1. With +1 assigned to the C-beta of every Lys and Arg and -1 to the C-beta of every Asp and Glu, and no other charges, what is the dipole magnitude of the chain about the Cα centre in debye, to the nearest 20?
2. Karplus couplings for the stretch 75-86 from phi (6.51 cos²θ - 1.76 cosθ + 1.60, θ = phi - 60°), rounded to Hz, Gly and Pro as x?
3. Work out the charge dipole of the chain with +1 on the Cβ of Lys and Arg and -1 on the Cβ of Asp and Glu about the Cα centre, then indicate which of 32, 6, 79 is farthest towards its positive end.
4. State the label only: which of (i) -0.72, -0.82; (ii) -0.44, -0.56; (iii) -0.60, -0.69 corresponds to log10 I(q)/I(0) by the Debye sum over Cα atoms at q = 0.12, 0.14 Å⁻¹ computed from the shown model?
5. Counting alpha carbon pairs within less than 8 Å and at least 6 residues apart, what relative contact order, in whole percent, applies to the chain?
6. Could you derive backbone 3J(HN,Hα) for the stretch 67-72 from the dihedral phi with the Karplus parameters 6.51, -1.76 and 1.60 (θ = phi - 60°), listing whole Hz in sequence and x where the residue is Gly or Pro?
Amino acid sequence: MVILGVVLIALGAVVIVAAVFDLQGSAALLSIDLSAVTVFLLGVAAGVAVLWGFGILRFGTKRSLQRRRESKKLEELSQKLDRVEAERKHDERDENP
């Protein structure tokens, strides 16, 4: 998810930067003549891609942090369980000489 978000942001940013730094001053993008409506729609699509990219990046980051926290908690619980089982086995050996 994080990678998809970064890719969308990068693609949108490339289109926006290419449109901004086009020195011809006409309705062209990367030296390809386009109609004004097409340039407008490309700009809208680039803006939407950047916004979706940020949303997906945020969602993916939250999800990965949540998984990491859950994994850490499960590891702690597993270690506690192992200690309790070891203590119980040790106590059983002490009671049965």
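1. Here the size comes out at about 200 debye.
2. 5, 5, 5, 5, 5, 4, 4, 4, 5, 5, 5, 5
3. 32
4. Correct label, based on the coordinates given: (iii).
5. The value is 36 percent.
6. 4, 5, 4, 4, 4, 5
Any read-out appearing in this document is the output of simple, stated calculations on the displayed coordinates, not a laboratory observation. Here the structure is a predicted model, which means the values were calculated and not measured. In this analysis, Cβ positions are derived from the backbone assuming ideal geometry, glycine residues included, and neighbour counts consider all displayed protein chains.
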